[in-house]
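Working notes, beginning with the structure itself.
The values are calculated or read from the model by the stated rules, or taken from the named source; none is laboratory data. No experiment lies behind these values; they were computed from the predicted model shown. Counting neighbours? That spans all protein chains shown, and the Cβs are built from the backbone with ideal geometry, glycine included.
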Amino acid sequence: MQKTPMALRKHVSIFGKVNAGKSSLFNAIIGQKAAIVSEKPGTTTDPVTKAMELVPFGPIVLVDTAGFGDLSEVGKERMEKTQGILNRTDIALYVIDSNSFDPIQYKDTIVLFKERSIPYIVVFTKMDLLSKAQKNWLQETYPDAVFTDHRNDAGISQIKEKIGQELEKIKGEEDSLIGNVVAQNSLVILVVPIDSGAPKGRLILPQVQLIRDCLDHGIRCLVTREDELSQTLKEIEKVDLVVTDSQLFKLVSEVVPEAIPLTSFSMLLARQKGDIHQFIDGAKMVDQLKDHDRILMAEGCTHNATHEDIGKVKIPTVMKKYTGKQLHFDFYTGYDFPHNIDEYQMVVHCGGCMLNKKAVIHRLSICQDKNIPMTNYGVLLAYLNGILPRCSDIFTKR
Ligand code: SF4
């Protein structure tokens, strides 16, 4: 893997009315013409994303969105996509055409950011087209905003600097996967199955992320298949933690002595990206399910399903067996959550390695608001195998 995955990059998104100059700003920030710029309103239809390095901060993803204010049917669809982007945005750039500034819309938009706790930077564009008095009024009324001109890149370095400052403020929020779970110099064994579902010649993202996180935090890690686990444990005197693929929970929990803490990749992801306690409480609600209840199996990205696919086959099979109920499963894949979430009695989510923390937290808060239990694959499998207390111990001890 050569590049920082999108999910690990802070998302900086550009919002504003149609034709406010969002795409010009997007291109000026990345220094390329990636977004189409036109005087015609509504040129940006689907969100445009671009991974970039923001020096000196590091990797980010910049997102250009369709503008507010397109009232056509297509415009409404575009707005839904823009709303979806809002739900995974870490920093918002709110772009306003200074020649058609509407204070009421300004207030409404700021409320949208505040409701979601999104830090924002206000950018007034096309300032060179204003009279001196208009310019002075805007600059005095909105002293924290950045002011840019119509046809040159004035203000771009100031915007980048402000983005960097805002990102520094929220830097600590993206917790490490394992760095604050075990101490530096600990020894962790990672159990990785190489079965028919494993991608040929590579590891999957959560496995790669965890190895890198161990290296970042001075944690020694040893990777083994389940077949060699028993021998590995015999040869190593002190193991601080075993992390397994959650599909192997049962087998691995029988091999690893009780004295050695055990957890899974997806439980570490659940803790890093969301609220592990909400996922744990959600898993326990499996005992309350009744005949004909509907379960939403949600995944953050498309990946090649095999007949053994964990979300589509394995978990539904185990849930039906455990509960003895007639349960109905729907499957959802994608960045945005479905609108009909109220129709479900439980949501079971994948590890979410391709989603950023904002997106996972947003999904958790939707379920919490609607009183729908939400758990994730690893936490639920631990519960169904009767080992959830053992596998979550590590998160409550330190
Ligand atoms: S389905 Fe979920 S856990 Fe699997 S790769 Fe996609 S985002 Fe990651």
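Please indicate, with yes or no, whether at least one residue in segment 262-284 is surrounded by fewer than 17 Cβ atoms within 10 Å (Cβ to Cβ), touching a residue at least 12 places away in the same chain (Cβ under 8 Å) and outside any helix (DSSP H, G or I). No: zero hits. Scanning segment 178-210 for residues that are within 12 Å of the ligand (Cβ to nearest atom) and in contact with a Phe, Trp or Tyr (Cβ under 7 Å, 6 or more places away or on another chain) turns up Pro206, Gln207. Might you let me know whether segment 305-326 holds any residue that is within 11 Å of the ligand (Cβ to nearest atom), in a loop (DSSP other than H, G, I, E, B), modelled with pLDDT under 90 and surrounded by 14 or more Cβ atoms within 10 Å (Cβ to Cβ)? The answer is yes; a qualifying residue exists. For segment 365-392, filtered to residues that are farther than 15 Å from Met267 by Cα and assigned to a helix (DSSP H, G or I), the residue that is farthest from the chain's Cα centre (by Cα) is Asp369. With respect to Ala92, is the statement that it is of a type in the set (A, V, I, L, M) and touching a helix residue (DSSP H, G or I) at 6+ places or on another chain (Cβ under 8 Å) true? Criteria met by Ala92. Is it fair to say Glu299 is within 16 Å of the ligand (Cβ to nearest atom), over 30 Å from Ala259 (Cβ atoms) and touching a residue at least 40 places away in the same chain (Cβ under 8 Å)? When the stated conditions are applied, Glu299 passes them. Can you tell me which residue within segment 342-371, out of those that are β-branched (Val, Ile, Thr) and within 12 Å of the ligand (Cβ to nearest atom), is surrounded by the most Cβ atoms within 10 Å (Cβ to Cβ)? Per the criteria, the residue is Val348.
Each row is one residue, and each column tells you yes or no for (1) touching a Lys or Arg at 6+ places or on another chain (Cβ under 8 Å); (2) free of Cβ contacts under 8 Å to residues at least 40 places away in the same chain; (3) surrounded by 13 or more Cβ atoms within 10 Å (Cβ to Cβ); (4) on the phi < 0 side of the Ramachandran plot.
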site: Glu140; (1), (2), (3), (4): no, yes, no, yes
site: Val146; (1), (2), (3), (4): yes, yes, yes, yes
site: Leu167; (1), (2), (3), (4): yes, no, yes, yes
site: Gly179; (1), (2), (3), (4): no, no, yes, yes
site: Ile194; (1), (2), (3), (4): yes, yes, no, yes
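Looking at segment 125-232, the helices (runs of 4 or more DSSP H) lying wholly inside it that each contain 3 or more residues that are under 16 Å from Asp245 (Cα atoms) sit at 205-216.
No other residue among Lys126, Lys114, Lys107 is at positive phi, assigned by TED's automatic domain parsing to the domain that holds Asp97 and not small (Gly, Ala, Ser) apart from Lys126.
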